[in-house]
Structures are given as structure tokens and as C-alpha cells.
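One structure is given here, and the rest of the page talks about it.
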Amino acid sequence: MSAPTLQVQFDPSIARFGASRSQKRLEDDRLLVGKGLYSDDRVFPNQAFLVVLRSPHAHAEIKGIDLEEAKKAPGVVAAWSMAELGADGVKPIPFPPLFKRADGSPMAAPPRTLLAAGKVYYVGQPVAAIVAETRQQAQDAADLVSIDYQDLPAVVDPRKAVEPDAPQIWPQAPGNVSAETRYGNPEATAAAFAKAAHVVEIELHNHRLNAMALEPRCAIGVHEGGRTTLYTQNQTPTGARDLLGAVFGGKPQDYRVVNGDIGGGFGMKTGLTPEDALVCYAARKLGRPVKWRGERSEEFLAAHMARDQHYRAALALERDGTILALRMQSLGNIGSVPVGSSAIIPLAMVAKVVTSVYRVPVVDYHVKAVLTNTMATGAYRGAGRPEGNYLMERLMEKAARVTGIDRVELRRRNLLRAAELPYRTHVGEVYDTGDFARMLDNALALGDWQGFAERKKHSEQRGKLRGRGVSLYLEWTGALPTETVDIEVGADGTATVFSGTQAMGQGLETTYTQLVTEVLGIAVEKIKIVQGDTDRANGIGSVGSRSAFVGGSAVAAAGRKMLLHLKDFAAQALEAAAADIELRHGRFHIAGTDRSIALGEVVARQPGKVIRVSATETPSTPSWPNGAQVCEVEIDPDTGVVEVASLASYDDVGRIINHAIVEGQIHGGVAQGIGQALYEQVVYDAQSGQLLTGSLMDYAAPRADQMPPLRGAFDESIPSRTNLLGVKGCGELGTIGSVPAVVHAVLDALHGRGVLHLEMPLTAEKVWRALQRD
């Protein structure tokens, strides 16, 4: 494999983050005292309420819908099925046609109509919409809608869905395979397996999860002056605006999307949802504002879910443990009616990272996106990277057991060396920088790997089982790596930043303010960040840990451009050369003299008394945050309860803009990873397709008192070379690493009792039952 060339964009002069690295989060004071503005806080004059009636069936034909009694109910303004919407020319929400089926035909799946058309494909699919003066009136009227369903057989497991006699979901997707991809070299991989001293095989399920954003979805449609405005909470507002145009027709400027504060997104609040479009349709049809707010039960049923991928994989190794090849087959359950991110996660994202930080000479991947009678899966913290890394780490752990080589030593022997980077992967991606051995060694030290035996002895004295686990991991960040930022400076010395990225709890207001302060020297309290309004700022949005990597680089570029303009104008005012102008404490000085002019005065001399610049940044390649985690658990053998005793992470996220924010992102990611490893799981009934985990009584979200002491550290000495700031992204890294680290620790604790493999989540009941079999 030829060594790749790399376009270096990192600028150390920009990435010198000084005192502002410890800047307290600016948004917290407002949010903690209840001054945030969330979607449901908005109330418009003459506002009506929309309620969605959802399918109780996983798969059925709709023989008839009778809305007449609902229309007569008190307070009802309107009631619609897809027949009425279709007559008005409303189109389905499109999904990107990025992939093909094995025969070369396009990816196939049922269209994402706003309301079900002729059939329902999953429990919770919208079937009718009721608008009334109050929410309660709309809910009461929904009970009066009469729908004649004819039940059809359903399938919820992708392994069953691809069997020859499985119920067929969509005629253009025979065998229920929506699309598939192949990567690597099957012949070379087969040859490597043929000469291998060891072959390690594994089957596992990376199970289905719910995003569980603290704030349920909410949307308000307003139509006035010939324009439709959607007030919502959306990580990709520009994309949502453009999708409104695809659904209703017209130009992008006919629509506006406005966010307030967002109470968590994690990838689930991306694109456009049927409920978003329904309130816009209602507002356009009725000429008044219309609000929909999801109940928590609706979020369980009908907000897109995550993961749900089945794997069969094998690793070929030489006698000394050197990896020769990786073979992977997977079935990704994308539900029945895909969202925009459904297919790309199993079909492309996993392949980007599955070899992780290891040297794997040849690979053979075959991946299928499978339709089932479930809610769609889509982006959720990590989106393919947790699944790929988990698979590789589970293979490495099993390989250590099979070969008899120490688990740390086996990993170390197969790590890519820092000198081998930049390194081109089997799918054409380029790792720019990293020192993976250093991450491993420092994580082991931070987690006191050598002191485990003493802690295990103390646990045994108390009747507990203790285990330790290690994981290495790699993330791909920077999806759609282009972003444009405008900065406007006023005569009063204030600066306003306009960005198409979107804050949703990750501290972008603070981070971007720090960048502007560093470059322009403007006080924090004089800087305003504008996001989430497509009339004021547009861009890709915030997904895939791209906000600092791409958006932050654009902020820095716009700041640098603004500084050059200001220096030129200051030079004119002071009758000096621009090269002799220095910015110090808000004033432009002629170097070596006492002559100066205030920044605000420079701006006041310009037409309109304002200066605005725009900058677009496109990092040359994605970035590759990476790290290692060490976890220890204690297990009560009498109850099966697993307690995470400690977790240490050592991460390379490139240069760090704000330490507190990065630590918070890692901690939050770890918490969600522990949730997947031990507690969380979406379950559908295999026969009826009914959702069995439809509330917090059944879906075990992790609690604060279940989180361990977290010890984290960072290595900033290896900046990314492909963006101005040298940052690598951090929002999903903790999730990626904690899942295998926790699972390995549990299986290590159980190994002496004969338990070699368990599928996640490793609940107390599952662990207890496994112990009863020893």
C-alpha cells in the first residue's frame, strides 16, 4: 500500500490557546437559572396543537380511515390522512441515494411519507394528524379516528428478515436487503486465512438503543408573508430547511428553520422528521401557528433508534500473534422506513474504523442494510465507530485467549507505529497523526494495571468477583468537512459570529467565543454567537464530532481574515504600513511608537460603521481521535449486579481549546457507553413487532449513581495536521472506548467461572444466569 501524501493545514500560530483554555462555560449561567429557550417554551398567538395518531401494528394494510367523528369533536380544526396530504402535492422526505443493491439497482425502501400511505411498516408510524385548539382536545379527537387494518406478518430481526420465507417489506427490496457494500480483497484474504496458524471467529450483536435526549422533540410551524418557518430543535437546520423544500416544493428562501436551546441531540435530532413537516403543512393549510410536542412514549416509538447490527467476523493470525487478515460479514437493521443516516452507518461508517489502530494487511467486508418492521435506526453518538471498534476489540480479546499471548502484548505487537503515519486504510481513508502505543502505555499507567492483583484479592475477601478490561479505539470525525463562518465587528467593539453549526449542550458558544478572543482580543462579554437560524447563518450543522474540527477552523479563519482587514484600516487611519500594526488590549498600535487607535474607532470610520467578513474552511482529510481505556468492575455473584469500580481514559484529541468542555464530553460519552454495555436495550416482540421497552419503566437508562470515578488525561503533543486548529474532535470518543473496556472487564471477572462470552447489555439478570451455569 503506497504511502499517502497529506495536505498540511495545521497552523501552530493560530492554535496557541492561552488563558482562555480554562474559560468557564458561558451558556451555563443562562441555562441553569431557567433562562433557556427550548422549543416547547415558545407560544405564538392563536396557536393550535397537532397530535399524531400512530400505528398499533408492526405491518398491516390500511383498508380505510374514517376521520369524520374526529372532525366533529370539540375544538378540532382539521384532521388529515396521507390521502389529503397527497392531494395537496406533499412528497415524501427523501433519503440520500448513496448505495446500491447487489444487482446494481438503487437502494430500495418504503418512502418516508409524512403519514402512512396504504400500509404501515412499524409500530408508531404516523397514520393521521389531528389539529385542535388545545392539545387535550386533539388527543381526545384522535381516539375517535376509525382505521381498518388488515394485519400482515412482521419480522424484527435482520437475521430472520433475510431468510427465504421471511415476510417481504418492500417489493423493490427482495430478500429485505435494501442495499449492500463490499470492501477489500476476498482472494487475498482467503489466502491469508489458509496459511494462518490461528483463526479466531466471533458472532455478536451490537444491540439497539434509544437516544434518550433529555428534551423530547417539539416543532412549531408558522406561515406568514408567503414563507414557512419551522421552530424546532435540529442539529442540521440548513439541511432541514432544504428538505422542507423537497417535501412542499419551492425555493430554499421560502423556508426558515429556527432553533432555540437544544436539550441533547446525539445525532437523533438531524434531518427532517414527519412531525416537523406536519406542523409546517398545518400552518400553511390553516394560516395559523401549529405546535406538536412529543411525549416520552412517542420518543421511544418514533424517534430514530441506534446500532442494531449483527456480525460474523474472523481474524487470521500468525503463530506469534501477528494479524494476517480480517473477514467481516454484517447485517445492519435499518428499520423499515429509513431516515437520512440509516444506511450510511452500517454500509460505510463501520468500514472506516473497524481495523482501528491495528496493522491489518488484507480485509474482506460484506455488509447488508436490512429492512425490518421496526423504527429506523440512524445517527447516535459514534454512529458506526462504536460498532466497528467493539468488533475489533472483541476479536483481539478472544485472540489473546486463543493464542495464549497476554492481551496487552498482543495488542502492542499489532499497533501501527507512529512512523507509519500518514497511513492509508483499505477503504481509502488516511490516518494523519497518532501514537497509539503511547496511548496504551499511558492508559495502563493511569488505570494502575499493575496494581490490579491486590485489588482483586480485596474484592475476593468481600465475596466479590473482580475483573479488568482494556480497549484501544479510533474515531473518524469531520463528516462533510466544509463550513462557512461570518464575523461582524461593530463600532462599539462587539463581535458577532454567524455559524451553521449547532449547539446542543456541547459548549460551542464558549468554544467559539474563545477562538474569537484569541484572534481579535475582544472581551468575552462583547462576543455573540449566532446559530440555529437559517436566515442568519447556514452550514452543514453539528454531527460526527465536526463542530470544532471544521466549524472551529472556519471561526479561526474568519477571525484571522477580520484581523487583516482591521489592520489595513488601522494602518490607513494611522498613516502607517499594515505590517507595522500590532493589536494589543483592544487597540491597534504602530510598533515602537505610542500612536494607536481603538478597534471600535477603526470600525466607526467604515461605511455603515460595521465590518463583516466570511471564511470557508475545508480540512484536507477527516481527523482521527484515538485513545485507550482501562476499566475495573466488581460483580456480586449472588445477584449478578455489576459495579464499575473505576475507569481511566487516555486520549489524543489533538489540541484542546477548553479543557473543561473536553473532559465533559469524554465523561458524557463514557456514561452512554456504560449504559450500552450494562443497561440499555430496545426490545421488540419477535412475533407481533410490538415495542416492549416503550417507557423508562422498561428501558434502563444509566443513572448518575452508577457511574464510576473517572480518571482522564490527554496528550496534546500530536495535533491533527489537516485543519487550522490541530483539533481532532472529542464528542464521541468516550462512548467508543468504554463499551469494549467495560465488557472486557466483566468477562474477565467471569472467566474463572467458565463464562467466555455474553451479549450486551450485561445486565444483573444475564450475569446471574451465566453464573448459575458454571
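The values are calculated or read from the model by the stated rules, or taken from the named source; none is laboratory data. Remember, predicted model here, so these are calculated numbers, not experimental data. When we count neighbours, we look across all protein chains shown, and the Cβ atoms used for this are built from the backbone with ideal geometry, even at glycine. Surface accessibility is based on the protein's heavy atoms, side chains included, excluding ligands, DNA and RNA. Shrake-Rupley method; radii C 1.70, N 1.55, O 1.52, S 1.80 Å.
Here is how the numbers come out for the structure above:
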quantity: Region 194-204, residues that are out of contact with any helix residue (DSSP H, G or I) (no Cβ under 9 Å at 6 or more places or on another chain) and closer than 28 Å to TYR380 by Cα; calculated: GLU203
quantity: Answer residue from region 105-157, given it is of a type in the set (S, T, N, Q) and part of a helix (DSSP H, G or I) and is nearest to ILE62 (Cα to Cα) among those; calculated: GLN139
quantity: All positions within region 221-251 that are over 16 Å from LYS91 (Cα atoms), of a type in the set (Gly, Ala, Ser) and touching a residue at least 12 places away in the same chain (Cβ under 8 Å); calculated: GLY221, GLY226, GLY239
quantity: Among the candidates ALA557, ALA571, residue that is open to solvent by less than 20 Å² (accessible area, probe 1.4 Å), in a helix (DSSP H, G or I) and free of Cβ contacts under 8 Å to residues at least 24 places away in the same chain; calculated: ALA571
quantity: Residues of region 129-153 satisfying the condition of being closer than 30 Å to HIS310 by Cα, of a type outside the set (Asp, Glu) and touching a strand residue (DSSP E or B) at 6+ places or on another chain (Cβ under 9 Å); calculated: LEU152
quantity: Filter pass, LYS269 being basic (Lys, Arg), open to solvent by less than 20 Å² (accessible area, probe 1.4 Å) and out of contact with any helix residue (DSSP H, G or I) (no Cβ under 8 Å at 6 or more places or on another chain); calculated: yes
quantity: Residue satisfying all of: in region 645-654; crowded, with 24+ Cβ neighbours inside 10 Å and not polar (S, T, N, Q); farthest from ALA437 (Cα to Cα) among these; calculated: LEU647
quantity: Where GLN672 falls short, out of the listed (1) touching a helix residue (DSSP H, G or I) at 6+ places or on another chain (Cβ under 6 Å); (2) under 23 Å from GLN629 (Cα atoms); (3) open to solvent by less than 10 Å² (accessible area, probe 1.4 Å); calculated: (3)
quantity: Given (1) buried (at least 16 other Cβ atoms within 10 Å of the Cβ); (2) touching a residue at least 60 places away in the same chain (Cβ under 8 Å); (3) part of a strand (DSSP E or B), index of the condition HIS589 fails; calculated: (2)
quantity: ALA576 vs. criteria assigned to a loop (DSSP other than H, G, I, E, B), more than 30 Å from HIS751 (Cβ to Cβ) and open to solvent by 10 Å² or more (accessible area, probe 1.4 Å); calculated: yes
quantity: Any chance VAL682 is under 21 Å from the mean Cα position of the chain (by Cα), under 23 Å from VAL357 (Cα atoms) and hydrophobic (A, V, I, L, M, F, W, C); calculated: no
quantity: Qualifying residue in region 82-105 (condition: without any contact (Cβ under 8 Å) to a residue 60 or more places away in the chain and touching a Leu at 6+ places or on another chain (Cβ under 7 Å)); calculated: yes
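Residue by residue, here is whether (1) outside any loop (DSSP other than H, G, I, E, B); (2) under 24 Å from GLU387 (Cβ atoms) holds:
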residue: GLU601; (1), (2): yes, no
residue: ARG612; (1), (2): yes, no
residue: PRO637; (1), (2): no, no
residue: GLU643; (1), (2): yes, no
residue: ILE656; (1), (2): no, no
residue: ALA671; (1), (2): yes, yes
residue: GLU680; (1), (2): no, yes
residue: GLY689; (1), (2): no, yes
